[in-house]
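What follows is a single structure, written as structure tokens, with notes after it.
The values are calculated or read from the model by the stated rules, or taken from the named source; none is laboratory data. What you see is a predicted model; the values in this text were computed from it and never measured. With ideal geometry, Cβ positions are generated from the backbone for all residues, glycine too; neighbour counts draw on all protein chains shown. Ligands, DNA and RNA are excluded from the accessible area calculation, which covers all protein heavy atoms including side chains. Shrake-Rupley method; radii C 1.70, N 1.55, O 1.52, S 1.80 Å.
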Amino acid sequence: GGSGGGASGSETAYKAVGGDGYSGQGNSGGDAATAAYSSGGGGGAGEAGHDTVAGKGGNGGDGLPCSITGSEVYYAGGGGGAAHTDIAGSGGLGGGGNGKSANTGAAAGDDGIANTGGGGGAGSYNNYKGGTGGSGVVIVRLLTSDWSAISGGTQTTDGSYTVCKFTSSGTLTLS
């Protein structure tokens, strides 16, 4: 992904700006408000991360929907921002991990959901780490009648199509 991370919160009276997204691949992270101790949410593929609001950690930006499997699924959501004494941000649609709040105990951020490419959530104060980003996925959709044999990945059928989903290394063989 090419999304930016949310800005870190601080006790000082300045506004921190979220990281930039890479054009065409992701969106910027959310900003942290002045003296909020909370962090902005990470950018998702579909929208920027949300800024902190009144001490609450910013929510992660939503990812983008894809219907290649025959059902709409969101991928590449941003991770939620952390909070000091308020509510942490939620991960964005598409597997973003939730941030953590020191109010509910110090903890590492939630990991992004596997096979979605979602970002990890921010950890609470005192050097608790952010969550690990979710692993990616490769999905190939083929018109079944175009091939005498299709092998590789986890296969499902959607009408006239065969959908091959790879969540680890693998080989797609067509004949």
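Out of G99, G78, G119, G153, I need the residue that is more than 30 Å from G57 (Cα to Cα) and small (G, A, S). Which one? Explain how you work it out, then say what you get.
Working: G99 fails: more than 30 Å from G57 (Cα to Cα); G78 fails: more than 30 Å from G57 (Cα to Cα); G119 fails: more than 30 Å from G57 (Cα to Cα).
One residue alone meets the criteria, G153.
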Inset, instruction - Tell me, please, whether a residue that is touching a strand residue (DSSP E or B) at 6+ places or on another chain (Cβ under 8 Å), over 19 Å from G46 (Cβ atoms), of a type in the set (A, V, I, L, M, F, W, C) and open to solvent by 50 Å² or more (accessible area, probe 1.4 Å) can be found in region 108-131. - result: no
Inset, instruction - With respect to G80, determine if the residue is among the small types (G, A, S), touching a Gly at 6+ places or on another chain (Cβ under 8 Å) and open to solvent by less than 10 Å² (accessible area, probe 1.4 Å). - result: yes
Legend entry - So T157, is it hydroxyl-bearing (S, T, Y) and within 20 Å of A48 (Cα to Cα): no
Inset, instruction - Name, by its number, the condition in (1) crowded, with 19+ Cβ neighbours inside 10 Å; (2) farther than 30 Å from K165 by Cβ; (3) small (G, A, S) that does not hold for G105. - result: (1)
Inset, instruction - Answer yes if at least one residue in region 50-68 is touching a Lys or Arg at 6+ places or on another chain (Cβ under 7 Å) and touching a residue at least 24 places away in the same chain (Cβ under 8 Å), and no otherwise. - result: yes
Legend entry - Top-ranked residue in region 147-175 [being more than 31 Å from the chain's Cα centre (by Cα) and assigned to a loop (DSSP other than H, G, I, E, B); ranked as surrounded by the most Cβ atoms within 10 Å (Cβ to Cβ)]: W147
Inset, instruction - Output the number of the condition that T85 fails; it satisfies all remaining conditions of (1) in contact with a Phe, Trp or Tyr (Cβ under 8 Å, 6 or more places away or on another chain); (2) farther than 14 Å from G9 by Cβ; (3) open to solvent by 70 Å² or more (accessible area, probe 1.4 Å). - result: (2)
Legend entry - Matching residues, region 48-77, being more than 30 Å from L142 (Cα to Cα) and either charged (D, E, K, R) or open to solvent by less than 70 Å² (accessible area, probe 1.4 Å) (or both): A48, G49, D51, T52, G55, K56, G57, G58, N59, G60, G61
Inset, instruction - Would you confirm whether any residue within region 6-29 is modelled with pLDDT of 85 or more and closer than 28 Å to N103 by Cα? - result: yes
